[in-house]
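The values are calculated or read from the model by the stated rules, or taken from the named source; none is laboratory data. Model, not experiment: these values are computed from the prediction. We place every Cβ from the backbone using ideal geometry, glycine too, and count neighbours over all the protein chains shown.
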Amino acid sequence: MKKTTLITLLLLLLFVQSKAQTVTGRIVDSEKQSVVMATIALQTLDSINICATTADADGRFVLTADSIPLPFRLIVSSIGYETVMPECASYAVGDVVLATKTNVLGDVVVKSKRPILCWQLRPMFLATW
């Protein structure tokens, strides 16, 4: 009887520990258009990385880990957008809005010179029979 109770208790503890937690949300720009292939990393508030993923074609993401403490921090980045790091208190994050990053480049000057053409005349011998 004691062995059966102990084995049942151990199996229940293993089942409880194997239950993973899931964080879901969507990455959009300032015009509410989805941002494809944005990188999303999940960290604790003391900067310990837990897991990371990328957004799908609709801008949606799903992060799954064994233990995700509340609150946590998301680090969201994508090419052409500013990186944002919102602190979240719920596993359902909702929409994360990325602002467009603008880079102003300096003036570009294109210079060109005409190529120097060198013609070389070579003597040609034609054989006559």
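Residues in segment 76-129 that are more than 30 Å from T53 (Cα to Cα) and in contact with an Asp or Glu (Cβ under 7 Å, 6 or more places away or on another chain): 0 in all. When segment 83-107 is filtered for residues that are in contact with a strand residue (DSSP E or B) (Cβ under 7 Å, 6 or more places away or on another chain) and over 16 Å from L63 (Cβ atoms), the ones remaining, listed by number, are T83, V97, L98, A99, T100, K101. Selection within segment 95-129: residues that are within 31 Å of the chain's Cα centre (by Cα) and either surrounded by 10 or more Cβ atoms within 10 Å (Cβ to Cβ) or acidic (D, E) (or both). The member of this set that is modelled with the lowest pLDDT is K101.
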